[in-house]
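Below is one structure, written out as structure tokens, with a few remarks after it.
The numbers here are math on the coordinates, done by the rules we state, and not lab data. These figures come from a predicted structure and were not determined experimentally. Cβ atoms come from the backbone with ideal geometry, glycine included; neighbour counts cover every protein chain shown.
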Amino acid sequence: MQKFIITGGSRLSGELTLQGSKNSALPIMAAAFLTGGVCTLDNCPRITDVYSASRILSGLGCKCTFSGGEFRVDASGAGGSEISAALMKEMRSSIMFMGAMIGRMGRCSVSVPGGCELGPRPIDMHLSALRKMGAVITDEGGRITCKAPGGKLTGAKINLPFPSVGATENIILSAATAEGETYINNAAREPEICDLCGFLRRCGADIRGDGESTVVIKGVKRLNGCDYTIMPDRIAGATYLSMTASAGGEMILKNACTEAMEPFLSVLEQTGCRIITGNDRIYLRCGARLKGIHDRIRTMPHPGFPTDAQAVLMAALVTAEGTSVFEENIFDCRYRHTDALRKMGADIEVLGKVAVVRGVKSLSGAVVTATDLRGGAAMAVAGLKAAGETVITDISHIDRGYENFEGAVECLGGKIKRV
């Protein structure tokens, strides 16, 4: 099992080109199956979740190639409608293929997906929406089978009780080739939703309202393949900016989605960092100790503060001057990284969904275990600030969402090696 060994204490400085978005690439790969054509996805991140999605596509009969940052999928000869339990368990986003399969094949068979253990994330909203569109669903022994009578779903008005990203994406995929119009009220507004819709429109879909609370999808008879460029990864960007700010450094983040990152940048700026944005670049400079953030940091659906950036910002603030308070409103178990940070000397008190972070002057290296994707990245942020050596085990979690993580850290002058 591989691990990262990080030697902290170095000031970070340099330029870094941001990878393609994990949270865009995965649903768009599912959408490529829905098109039944040939799709070329540029700026696709080389991460293990993408390789897992590629294995799912291959299992469904697609021909896939991945070279550099270009992923090509030929779905013209694919006809599968079932994903094995082993493949479903590899990542949470495997559930996206449910909407794509029933949209194209009129049926699908999946099991409960895997991924990071962040507490209960039921797919009830996904299934309820499909039922409203006419799907007949059975659940036997953890195996979920969906069938569309006559081979086609029908449009419906769907009111989501919570703006779930996954449910919104699955409904869009299901509705793109359904009969009639589908309305999603209280839809998720994340930039990655807009990226998925941008891809589908390029393929011939009729979608409007993405990025707003109501999305309308008018089903079309068929979709075609296309060439498309995946948006940059705003959470990877937040990670490297937090890392540099914590270490008291300076960096230029290139190929950045500045508008999509604004909810994070506006909070990070309150720590005393100088941040300048322009076109697709973000400049950050922080020459002094960070300041704790006065206002409570509440994770919320977009355009609120992103839950995926909570852990990495917390890791930066554990050595800030003053106290910062986090409130996690999306996932129940998203403070699992705090035990590792405390082991390194952080002063963090968790009270239910609230975490109180009292800044300490220094951290010490320790042996810690990555608990999930963003929690593992947070440990690296803290390790680069800590005195001595930090060893992070179970780094397969980090590899799920970060392309060549150690290469990016080294590009900024950080001392890290994979062994």
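Here are the numbers for this structure:
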| read-out | value |
| --- | --- |
| For region 39-48, 3J(HN,Hα) per residue [Karplus equation, 6.51 cos²θ - 1.76 cosθ + 1.60, θ = phi - 60°, Hz, x = Gly/Pro] | 10, 10, 10, 8, 6, 7, x, 8, 10, 5 |
| For region 20-77, Kirkwood radius (reciprocal of mean inverse C-alpha pair distance, Å) | 10.9 Å |
| Label zone at V220 (point 7 Å along Cα-to-Cβ), backbone N below 11 Å, region 175-211 | 176-177, 199-207 |
| FRET efficiency, V112 to R289 (Cβ-Cβ, R0 41 Å, nearest 0.05) | 0.35 |
| Charge dipole magnitude, Cβ of K and R +1, D and E -1 - the chain, Cα centre, debye nearest 20 | 200 debye |
| Nitroxide proxy distance, nm - points 7 Å out along Cα→Cβ at K361 and C411 | 3.6 nm |
| For region 222-232, 3J(HN,Hα) per residue [Karplus equation, 6.51 cos²θ - 1.76 cosθ + 1.60, θ = phi - 60°, Hz, x = Gly/Pro] | 8, 10, 10, x, 7, 9, 8, 9, 5, 5, x |
| Trypsin sites (Lys or Arg not before Pro) restricted to DSSP loop in region 340-419 with at most 12 other C-beta within 10 Å | K361 |
| Placed amide H near T369: partners under 5 Å, 5+ positions off or other chain | T393 |
| Longest to shortest principal axis, alpha-carbon extents of region 162-243, angstrom | 48, 32, 16 |
| R0 of 60 Å, Cβ-Cβ distance V136-T229: FRET efficiency to nearest 0.05 | 0.95 |
| Proximal lysines to K3, defined as alpha-carbon separation beneath 25 angstrom and excluding residues fewer than eight positions away on the same chain | K22, K89, K343, K385, K415, K417 |
| Which of V356, L223, P113, positive extreme of dipole for the chain (C-beta unit charges) | P113 |
| Share of alpha-carbon pairs per 20 Å distance bin for the chain, given as whole % | 28, 55, 17, 0 |
| Amide H partners (placed H, <5 Å) of E179, local residues excluded | L153, T154, G155 |
| log₁₀ of I(q)/I(0) at q = 0.09, 0.19 Å⁻¹ - region 22-229, Debye sum with one point per alpha carbon | -0.28, -1.48 |
| For L12, distant residues with modelled amide H under 5 Å away | G249, E250 |
| Helix axis angle, 191-202 relative to the chain longest principal axis, alpha carbon, degrees | 40 degrees |
| Where labels lie 7 Å past Cα in the beta-carbon direction, separation of N159 and S128 in nm | 1.0 nm |
| Geometric extent, Cα atoms of region 250-393 - Rg, Dmax (angstrom) | 14.6, 40 |
| Descending semi-axes in Å of region 309-402, equivalent ellipsoid built from Cα gyration tensor | 18, 17, 10 |
